[in-house]
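Have a look at the structure below, then the notes.
Readers should treat all values here as calculations from the given coordinates under stated rules, not as data from a laboratory. Since the model is a prediction, treat every value here as computed from it, not as a measurement. For neighbour counting, all protein chains shown are included, and Cβ atoms are generated from backbone atoms with ideal geometry for every residue, glycine included.
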Amino acid sequence: AQSERTLVIVKPDGYRRGLTGEVLRRIEAKGYVLAELKVATPDRERLAKHYAEHEGKPFYQPLLEFMSSGPATFAVVEGHRCIEGFRALAGATDPTAALPGTIRGDLGRDWGEKVQANIVHGSDSPESAEREIGIWFA
Ligand code: DAT
Ligand code: MG
């Protein structure tokens, strides 16, 4: 079958809370393949590229601050329709509204911060996926 790739990040909140294994377990249980995996603290320069579409929004600076606050886990995930599939696993951006059964709905909440600490990132299109994989796995 044709394969697709997506970039998944277990964000610093997920890492700190010890949820990395739980997130990776759900990805594997769904049937996707972990093609690449690493732990690193995201640097501002690459975060600015990664989140370029959000520059100027009220949560942009808090987002970069939060994302560079500690280690995160980066994964290249593979499988037919894995971009759409992982975003379904992740659930809605706001973890309070995310449905139970999803990563954000089961494991996340609103902590009253300016930025939504929502455990995971997943690319939103094939173009974003290839662009983001290029940034973090150059
Ligand atoms: P997603 O991560 O679901 O693709 P996004 O690309 O719109 O969401 O936003 C990137 C991140 O920025 C998101 O995971 C959390 C944060 N964020 C988005 N919208 C926000 C908002 N209205 N208030 C606070 N943080 C927000
Ligand atoms: Mg996004």
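Observations, loosely collected:
- Close Lys pairs in the chain, defined as Cα atoms under 25 Å apart and 8 or more places apart or on different chains, number 10.
- Share of Cα-Cα pairs in region 59-113 lying beyond 17 Å, as whole percent: 54 percent
- Per residue, the convex hull spanned by the Cα atoms of region 1-106 measures out at 110 cubic angstrom.
- Trypsin sites (Lys or Arg not before Pro) lying in DSSP loop within region 52-127, provided at most 15 other Cβ fall within 10 Å: ARG81, ARG109, LYS114
- One way to sum up the overall shape of region 91-138 is the equivalent ellipsoid from its Cα gyration tensor, whose semi-axes run 25, 13, 8 Å, largest first.
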